[in-house]
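The values are calculated or read from the model by the stated rules, or taken from the named source; none is laboratory data. All values derive from a computational prediction rather than experimental measurement. Every residue, glycine among them, receives a Cβ derived from its backbone with ideal geometry; neighbour counts consider all protein chains shown. The accessibility values were calculated without ligands, DNA or RNA, using every heavy atom of the protein model including side chains. Shrake-Rupley method; radii C 1.70, N 1.55, O 1.52, S 1.80 Å.
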Amino acid sequence: MKELDKRYNHKESEPRIYALWEKSGYFNPDKLPSRHKEPFCILIPPPNANDPLHIGHALFVTLEDIMTRYARMRGKKALWLPGMDHAGFETQVVYEKKLQKEGRSRLDMKREQFYKEVWNYTQKNRNTVREQLKTLGASCDWSREVFTLDDKVTKTVYKTFQDMYKEGLIYRGERLVNYCVKHQTAFSELEIEHQEKDDKLYYLKYGPLTVATVRPETIFGDTAVAVNPTDKRYKNYIGKKVEVDLIIEKRYMPVIADSIIDPEFGTGALKVTPAHDQNDYEIWQRHKDEIGGPISVINKNGRLNNKAGKYAGMKIEEAREIVVKDLKNKGLLEKEEAYKHTVALCYKCKNIIEPMLMKQWFVKIEPLAKPAIKAVRDEKIKIIPESQKKTYMHWMKNIKDWNISRQNWWGIEIPAWKCESCSNSDKEVWTITAGEEPKKCSQCSGSALERDPDVFDTWFSSGQWPFATLGWPNGKDFKTFYPTSILETGYDIIFFWVARMIMLGLWRTKKIPFRLVYLHGLVRDKDRQKMSKSKGNAIDPLGVVQEYGADALRMALIVGNSIGKDPTIAEDKIRGYRNFATKLWNVTRFLLMNLEDHDPKQKAILTDQDKKISKDFKKFKKKITRYMERCEYWHSAEALYHFMWTTFASEILESSKEILNGDNKKMRKSRQKLLLDIWIDALTVLHPFMPFITEELYQYLSSDKEPLMIRKWPIS
RNA sequence: GCGCGCUUAGCUCAGCUGGCUAGAGCGCCUCGUUUACACCGAGGAGGUCGGGGGUUCGAGUCCCUCAGCGCGCACCA
């Protein structure tokens, strides 16, 4: 046996070991030995193909690799299917920033050109990300890698859209949607944030009444005044019309009664602007007979439109200031007071979200949510940590129809064509296909068709990830691996992704998409701060791997990271596990130095002490296995660390030195065997956590031709 | 406003259905150039388990309550 250096050289070893695994072919479940029968499958939460991986990715990679390697060693037909996400809006934003730096703009480009450039950009990033995943030790089956714009995905997405439309689960509707003026697209309610803001509440003279508003610039879109039906002050006005001076014109406003009005707030009278306020929109819905339709006064650039008379063309904040000034001059401003309220912001640019009246595609969500609630309630799908199950339930029970239209260029285009000849302003006639361009309108057989320029919300396609990747409905993998075993991801995307996969999976396949949802926390720095590039506290996982090795990083991410809590990581923690790797290396080195007359066929003659060591180790292996079965990886990792360093190296090995140096050959040989057996098994159970060094050491210690990665888990 | 979670050694955290004389890693202190390892070894200091009350033979662990911190959801003009 070869003499080892004093230190483990991870830089040299890790790439070599990864190559050895790839050569073995065992990342591919079809190439595993035939004893691997029971299917096991994890689908990667596809990283965005617009940026290199960050430390948060390293956490999911480690967890999922542990799960996969463990399953594989337990004799399962294990598949960890890799893929990457085109990440529609996210990528468009990243690329537009890049363009901006180059002094270019999307708006100066043809859509096709922009799409092509982003395509090339994502393909380049895919290569980077793939190499990074390999560096971290991910045992993915690269022969099955999927991109969310691959044919098999887009075709599935089109088909789902078409079938849902046929079933009436998708409809086209004009709704008040969350619109970001900067990004010029609508969002679902998940992509907006709420934040407290100091504003002013303006009391406007509104004919004979006074209304309170934070948005005086929308008065041109007012269609009514609403009061509470029980409010005595306004009793005589209800049902009548009042003449209101709107600066640019005088208009008669109906006074309506609606119980949503809080008499305590402001003056107890509300100006109703259905086109620019969610609440007002709903009031209009309830009082359509009494008041006219919504009047939009803001355009898609966030400026007032020609309904606002002389204010047309002004930006919202600017218009507000001037309108207030003019109202004041006309004596229409009664008073203003400081007011703190919550506003909706774009999650990306933090600009205020404008509620806008737009025609969009919506998913009728309730029929999908019901079975999704049931599946989790009945534990067909188990969610850990348990607390997240409550979050899921709460959201699902209050879920709203899902706007899946995005006014972006980068993404999967919606396969919907509008007939120019039979559509009019009241009625749109659409032809929906499974992707192919229709020759004629489904209604009038005319050929004047125009495709909806919008693309899908990315989550509408990633929500179909489990069955799309596996080749629904007839693919071999779909039949073998669906429903998948574990869905592992961060708790921050439980609604965006997990909930949608459950709903769409159940609807499309009539089966749950996965059995267990494991939700990890968000990586923080040692002061519990979120990591971000701008704060300068971000740890680059690949830099860390260079310095300390992937194994050290993996351990540092797992130990002390109980499920669902936000883990912290700092460099000295990673250094600690690099030291652990050195320890493992030197223990092995010591064993090899004391093995010169070791005889593998030696029958062990166990002393009482040997028996105790052996028995304790059996118990230890059982404990680790129990932790693995419960997905308590932080417990396993910590216990392994303690056993291998303290118990084995400091205690067992130290107390064996006398025997190993002694004259009793039989005892010496027997102890050699005992130590070697235990150590190999310990390396085996450590393998899912620190795959590189364990594999490397196994190659020195064992005569086995097969790599450690498929060695049987050492428990009976 | 509604909901969820957290508070255990200087720091980061374990501690399942109550039995702990309360643990780990890092950090700190003392000693040690012993051929596996100084990315090491030997030893050590350090906690009234956020406050108060209750249940129990027994509570870090269960219940109530107060305080502080964090997060999620939310149409108050």
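What is the residue count in the range A:606-626 for residues that are crowded, with 18+ Cβ neighbours inside 10 Å and either within 11 Å of RNA strand B (Cβ to nearest atom) or closer than 24 Å to residue A:579 by Cα (or both)?
The initial filter retains those residues of the range A:606-626 that are crowded, with 18+ Cβ neighbours inside 10 Å, namely A:610, A:613, A:617, A:620-621, A:624.
Within this subset, residues satisfying the condition of being either within 11 Å of RNA strand B (Cβ to nearest atom) or closer than 24 Å to residue A:579 by Cα (or both) are A:617, A:620-621, A:624.
So the answer is 4.
How many residues does the range A:18-39 contain that are open to solvent by 20 Å² or more (accessible area, probe 1.4 Å) and in contact with a Pro (Cβ under 9 Å, 6 or more places away or on another chain)?
Matching residues across the range A:18-39 total 4.
Can you pull out every residue in the range A:509-532 that is over 21 Å from residue A:385 (Cα atoms), in contact (Cβ under 8 Å) with a residue 40 or more places away in the chain and under 21 Å from the mean Cα position of the chain (by Cα)?
Correct list: A:525, A:531.
Of the numbered conditions (1) in contact with a strand residue (DSSP E or B) (Cβ under 7 Å, 6 or more places away or on another chain); (2) closer than 30 Å to residue A:30 by Cβ, residue A:82 fails exactly one; give the number of that condition.
(1)
Inspect the range A:522-533 for any residue being part of a loop (DSSP other than H, G, I, E, B), in contact with an Asp or Glu (Cβ under 8 Å, 6 or more places away or on another chain) and open to solvent by less than 30 Å² (accessible area, probe 1.4 Å) and give the result as yes or no. Talk me through it step by step, then tell me what you get.
First pass over the range A:522-533, keeping only residues part of a loop (DSSP other than H, G, I, E, B): A:522-523, A:525-529, A:531-533.
So of that shortlist, the ones also in contact with an Asp or Glu (Cβ under 8 Å, 6 or more places away or on another chain) come out as A:522-523, A:528, A:531.
Imposing the further condition that a residue be open to solvent by less than 30 Å² (accessible area, probe 1.4 Å) reduces the set to A:523.
Scanning the range A:522-533 turns up at least one residue that is part of a loop (DSSP other than H, G, I, E, B), in contact with an Asp or Glu (Cβ under 8 Å, 6 or more places away or on another chain) and open to solvent by less than 30 Å² (accessible area, probe 1.4 Å).
State all residues of the range A:463-476 that are touching a helix residue (DSSP H, G or I) at 6+ places or on another chain (Cβ under 7 Å) and either modelled with pLDDT under 95 or open to solvent by 30 Å² or more (accessible area, probe 1.4 Å) (or both); if no residue qualifies, say none.
Result: A:472, single match.
Evaluate the range A:649-659: report whether one residue or more is among the basic types (Lys, Arg), touching a helix residue (DSSP H, G or I) at 6+ places or on another chain (Cβ under 7 Å) and either within 16 Å of RNA strand B (Cβ to nearest atom) or open to solvent by 60 Å² or more (accessible area, probe 1.4 Å) (or both).
Here is the first cut: in the range A:649-659, the residues among the basic types (Lys, Arg) are A:657.
Subset that is touching a helix residue (DSSP H, G or I) at 6+ places or on another chain (Cβ under 7 Å): none.
For the range A:649-659, residues among the basic types (Lys, Arg), touching a helix residue (DSSP H, G or I) at 6+ places or on another chain (Cβ under 7 Å) and either within 16 Å of RNA strand B (Cβ to nearest atom) or open to solvent by 60 Å² or more (accessible area, probe 1.4 Å) (or both): absent.
Which of the following residues is within 12 Å of RNA strand B (Cβ to nearest atom) and closer than 30 Å to residue A:388 by Cα: A:553, A:584, A:592, A:557? It would help to see each step written out before you state the result.
Numbers: A:553 fails: within 12 Å of RNA strand B (Cβ to nearest atom); A:584 fails: closer than 30 Å to residue A:388 by Cα; A:592 fails: closer than 30 Å to residue A:388 by Cα.
Result: A:557 is the single residue among A:553, A:584, A:592, A:557 that is within 12 Å of RNA strand B (Cβ to nearest atom) and closer than 30 Å to residue A:388 by Cα.
Consider residue A:354 carefully, then state whether it is farther than 26 Å from residue A:460 by Cβ and either within 16 Å of RNA strand B (Cβ to nearest atom) or of a type in the set (Phe, Trp, Tyr) (or both). Let's see the steps before the verdict.
Details: farther than 26 Å from residue A:460 by Cβ: no; either within 16 Å of RNA strand B (Cβ to nearest atom) or of a type in the set (Phe, Trp, Tyr) (or both): yes.
Taking the combined requirement at face value, the residue does not satisfy it.
Considering A:379, A:337, A:366, which residue is open to solvent by 10 Å² or more (accessible area, probe 1.4 Å), at positive phi and either modelled with pLDDT of 90 or more or within 13 Å of RNA strand B (Cβ to nearest atom) (or both)?
Working: A:337 fails: at positive phi; A:366 fails: at positive phi.
Answer to the selection: A:379.
How many residues are more than 16 Å from residue A:221 (Cα to Cα), outside any loop (DSSP other than H, G, I, E, B) and open to solvent by 40 Å² or more (accessible area, probe 1.4 Å) if we restrict to the range A:253-294?
Number satisfying all stated conditions: 1.
Taking the stated definitions as given, is residue A:237 more than 9 Å from RNA strand B (Cβ to nearest atom), part of a loop (DSSP other than H, G, I, E, B) and modelled with pLDDT of 90 or more? Working first, answer last.
Working: more than 9 Å from RNA strand B (Cβ to nearest atom): yes; part of a loop (DSSP other than H, G, I, E, B): yes; modelled with pLDDT of 90 or more: yes.
So residue A:237 passes the test.
With part of a strand (DSSP E or B) and in contact with a helix residue (DSSP H, G or I) (Cβ under 9 Å, 6 or more places away or on another chain) as the only criterion, which of A:371, A:355 stands out?
On the way: A:371 fails: part of a strand (DSSP E or B).
A:355 is the lone residue from the list that is part of a strand (DSSP E or B) and in contact with a helix residue (DSSP H, G or I) (Cβ under 9 Å, 6 or more places away or on another chain).
Being within 16 Å of RNA strand B (Cβ to nearest atom) and surrounded by 18 or more Cβ atoms within 10 Å (Cβ to Cβ) narrows it down to one of A:395, A:361, A:417, A:402, so name that one. I'd like the intermediate steps shown before the answer.
On the way: A:395 fails: surrounded by 18 or more Cβ atoms within 10 Å (Cβ to Cβ); A:361 fails: within 16 Å of RNA strand B (Cβ to nearest atom); A:417 fails: within 16 Å of RNA strand B (Cβ to nearest atom).
None of the others qualify; the one that does is A:402.
One residue is enough: does the range A:327-347 have a residue meeting the conditions more than 19 Å from the chain's Cα centre (by Cα) and free of Cβ contacts under 8 Å to residues at least 40 places away in the same chain?
Applying the first criterion (more than 19 Å from the chain's Cα centre (by Cα)) to the range A:327-347 yields A:327-345.
With the extra rule that they be free of Cβ contacts under 8 Å to residues at least 40 places away in the same chain, the set shrinks to A:328-329.
Looking through the range A:327-347, at least one residue is more than 19 Å from the chain's Cα centre (by Cα) and free of Cβ contacts under 8 Å to residues at least 40 places away in the same chain.
If you check A:502, A:494, which single one turns out to be of a type outside the set (Asp, Glu), near RNA strand B (Cβ under 9 Å from one of its atoms) and buried (at least 18 other Cβ atoms within 10 Å of the Cβ)?
On the way: A:502 fails: near RNA strand B (Cβ under 9 Å from one of its atoms).
Criteria check complete, one pass: A:494.
Given the condition farther than 29 Å from residue A:570 by Cβ, open to solvent by less than 10 Å² (accessible area, probe 1.4 Å) and over 28 Å from the mean Cα position of the chain (by Cα), answer yes or no: does some residue in the range A:63-74 qualify?
Quick first cut of the range A:63-74, residues farther than 29 Å from residue A:570 by Cβ only: A:71-74.
Checking which are open to solvent by less than 10 Å² (accessible area, probe 1.4 Å) leaves us with A:71-73.
Still in the running and over 28 Å from the mean Cα position of the chain (by Cα): A:73.
Yes, that holds for at least one residue.
Name, by its number, the condition in (1) outside any loop (DSSP other than H, G, I, E, B); (2) modelled with pLDDT under 95; (3) in contact with a Phe, Trp or Tyr (Cβ under 8 Å, 6 or more places away or on another chain) that does not hold for residue A:572.
For residue A:572, the exception is condition (3).
Residue A:672 is checked against (1) open to solvent by 20 Å² or more (accessible area, probe 1.4 Å); (2) touching a residue at least 60 places away in the same chain (Cβ under 8 Å) and fails just one. What number does that condition carry?
Condition not satisfied by residue A:672: (1).
Give me a count of the residues in the range A:188-217 that are within 9 Å of RNA strand B (Cβ to nearest atom) and not in a strand (DSSP E or B).
4
So, in the range A:534-550, of the ones that are open to solvent by less than 90 Å² (accessible area, probe 1.4 Å) and not in a loop (DSSP other than H, G, I, E, B), which residue ends up farthest from residue A:53 (Cα to Cα)? Walk me through it before giving the result.
First pass over the range A:534-550, keeping only residues open to solvent by less than 90 Å² (accessible area, probe 1.4 Å): A:536-545, A:548-550.
From the residues that got through so far, the ones that are not in a loop (DSSP other than H, G, I, E, B) too are A:541-545, A:548, A:550.
On the way: A:541: 8, A:542: 8, A:543: 11, A:544: 13, A:545: 13, A:548: 18, A:550: 14 Å.
Only one residue tops the list, namely A:548.
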